[in-house]
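**Q** Here you go, one structure.
The values are calculated or read from the model by the stated rules, or taken from the named source; none is laboratory data. Just so we're clear, the structure is a prediction, and the values are computed from it rather than from any experiment. Because the Cβ atoms are built from the backbone with ideal geometry, glycine has one as well, and the counts that use them run over all protein chains shown. SASA here: full protein model, heavy atoms, side chains in, ligands and nucleic acids out. Shrake-Rupley method; radii C 1.70, N 1.55, O 1.52, S 1.80 Å.
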Amino acid sequence: MVEVGQWYVSYCHEYNYWFVGLVSRTNMTGPTGQIQMTFLEQDKPGVNRFRNKSDFDTVKLGGIFHKLHDEPMNIGSSTRITFMSLSEKDFEEITTLFARHYLRP
């Protein structure tokens, strides 16, 4: 069960990559649930550094593949941008799950 106010990781088929987001709304009616999330922007793939750019989108429940154990940590800021990182445990689990389930050989 996806909970509002919790951090999750969602797979994006369009980019063949994963994104970290905070759930702001859920709609579990119909054949597939819809989850509205506010996403962090990763500096570059494979790097545990994110920005709080406040991009939001709606994703399907089936795209959620990990709930963060720990909230992203503030590691610094500049004008209107906060830089964040995930716990080592979360980052390692996400990259392992992503490689196992989504990377194409």
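**Q** Going by what's in this entry, would THR38 be described as within 21 Å of HIS13 (Cα to Cα), open to solvent by less than 60 Å² (accessible area, probe 1.4 Å) and of a type in the set (Ser, Thr, Tyr)?
**A** Against the criterion (within 21 Å of HIS13 (Cα to Cα), open to solvent by less than 60 Å² (accessible area, probe 1.4 Å) and of a type in the set (Ser, Thr, Tyr)), THR38 qualifies.
**Q** Then there is this: Exposed (fewer than 11 other Cβ atoms within 10 Å of the Cβ), at pLDDT 90 or above and assigned to a loop (DSSP other than H, G, I, E, B), is that true of VAL47?
**A** Against the criterion (exposed (fewer than 11 other Cβ atoms within 10 Å of the Cβ), at pLDDT 90 or above and assigned to a loop (DSSP other than H, G, I, E, B)), VAL47 qualifies.
**Q** List the pairs whose first member sits in segment 22-42 and is among the charged types (D, E, K, R), whose second member is open to solvent by 30 Å² or more (accessible area, probe 1.4 Å) and not in a strand (DSSP E or B), and whose Cβ atoms are under 7 Å apart, counting only residues at least 6 apart or on separate chains?
**A** ARG25/VAL4
**Q** While we're on this one: Here's a check for you: in segment 56-98, which residue that is part of a loop (DSSP other than H, G, I, E, B) and open to solvent by 80 Å² or more (accessible area, probe 1.4 Å) is nearest to ARG25 (Cα to Cα)?
**A** GLU71
**Q** Picking from VAL9, VAL2, which residue would you name as being touching a Gly at 6+ places or on another chain (Cβ under 9 Å), open to solvent by less than 50 Å² (accessible area, probe 1.4 Å) and assigned to a loop (DSSP other than H, G, I, E, B)?
**A** None of the other options fit; the residue is VAL2.
**Q** Which pairs do you get when a residue that is modelled with pLDDT under 95 and among the aromatic types (Phe, Trp, Tyr), found in segment 6-21, comes within reach of a residue that is assigned to a loop (DSSP other than H, G, I, E, B) and open to solvent by 40 Å² or more (accessible area, probe 1.4 Å), reach meaning Cβ atoms under 7 angstrom, with the pair 6+ apart or on two chains?
**A** TYR11/TYR102; TYR17/PRO45
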